[in-house]
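Take a look at the structure set out below.
Taken together, the values in this text are just the output of simple stated rules run on the coordinates, not laboratory data. All values reported here derive from a predicted model rather than from experimental measurement. Here the Cβ is made from the backbone with ideal geometry for all residues, glycine too, and neighbour counts use every protein chain on show.
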Amino acid sequence: MLAGHEEQKIDALMLSDPRWALLERIATSQHLKSSLRLREFLFYIAECAIREAPGDATEQQIGIRVFGRSPGYNSSEDSIVRTHARLLRQKLALYFAEEGLAEEVVVDIPKGHYLPVFHPRTIKQVATETATEPHVIEAHTPHEGSPDLDGRHVHRFNKKNLWAIASALPILIAIAGLTWRSWNGTVATSSAVETFWRPFFGENASLVIYSNAWFAGDSTSGLRYAPPQTSVSDVETGAYVDTYTGIGELASVYDLTKLFDAHKAAFTLKRSLLVTWDEAKSRNLVFIGSRAENPSLRVLQPTADFTMEASPDSAGVVNHHPKLGEPTLYSRPEHPLTDDYAILALSAGVEPGKRILVFSGLTTFGTQAAVEYVCNPDTTAELLKQITGPKGEIRPFEAVLHTTIGGGVPLQTRLVTIRVH
């Protein structure tokens, strides 16, 4: 039984369209079956494409019809459609690279648009999607009675065949050389992510703690941060809400889920207000979200070189020990939000042998950018060059990252400065 938009009546024309069967296979795949909202998103925009109704697949219409936003809502400030579109693109890419590898038709959502495109899979796509997986090609020797594609029988190579093979051989060798270098480089670079995260892949599952601040109000009248003096007892009275987190934190947990699954590892996920230190002290800890919205992180205070400050007009990262030429404050504009900063830090855990990893953005986008930074092979390799000790050990550090923001998502992230301990 389909849910939400999926429960709506689908006319006979829609069901008879072969593209709809493909969409149902995607929706029931391991990548989407547990995400109701992404399935609703996919079916809605696909229906718009099949009905040839691009006017119904605008960000505004999707926000209203799929995500329940009020007509006329400000989509420039509410990025829910853009964020879910980004996640859906990732899910579709994973499906066609894994479960849907044999699909003859591929579904894409072009960036900057929401109307999906259906197109035949090309040889180039197959090569790209399978480049990271080694394949064994079984060789068969032609024998008497084995037909070729046009019905003839293969008995022997003729001169024309040999000349064609000889002519193509240098090209094949060159392609093989380029492919080997690309494959070899990918393996070497990708191992940087595994090296960085290896301590957190252990048998004793790491504890991932995401921020959830206290808010006053509700989703109808609007939410605003609760006063700093708010206590747990105030929240228990029902005057405040403690069940919200940021879009960037959501995307970060998604990225970590993919990362840990790829390495056959697991983690325990908890929102900050539910963490008990009897459980946390014996684990490797991963904090996602700013210190202001992560009460558990405020208890530890794991950073000393860089901390955050905020005012009604601006927010920034304080540089307590600036090097020559460095500012004492890395600040971002409040409106419009085009840039953000984040603190990325690794420190010793509560108990010996444990570690604490902190991803703390000035906004939810900075947090997301910091997590993506150490899930990306290239940027992780750059970071490892600076934090790896003489014996190959990863040393504790504090770093400041800068990211640009466009369309409600972090775009380009770079390392600004770092202190290695």
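So the values come out like this:
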quantity	calculated
Pairs from Lys91/Lys270; Lys33/Lys258; Lys281/Lys385; Lys281/Lys354 whose Cα-Cα separation, in the structure shown, is over 19 Å	Lys91/Lys270; Lys281/Lys385
Estimated inter-spin distance, His335 and Glu103, nm [label 7 Å along Cα→Cβ]	4.2 nm
Cut-off 9 Å between beta-carbons: net charge of the residues surrounding Leu32, Lys and Arg +1, Asp and Glu -1	+3
Inter-site label distance for Val318 and Leu415 at 7 Å from Cα along Cβ, in nm	2.6 nm
Nitroxide proxy distance, nm - points 7 Å out along Cα→Cβ at Lys33 and Ala205	2.0 nm
Zone of Phe118's modelled label, taken as backbone nitrogen in the stretch 15-40 under 11 Å from a point 7 Å along Cα→Cβ	15-24
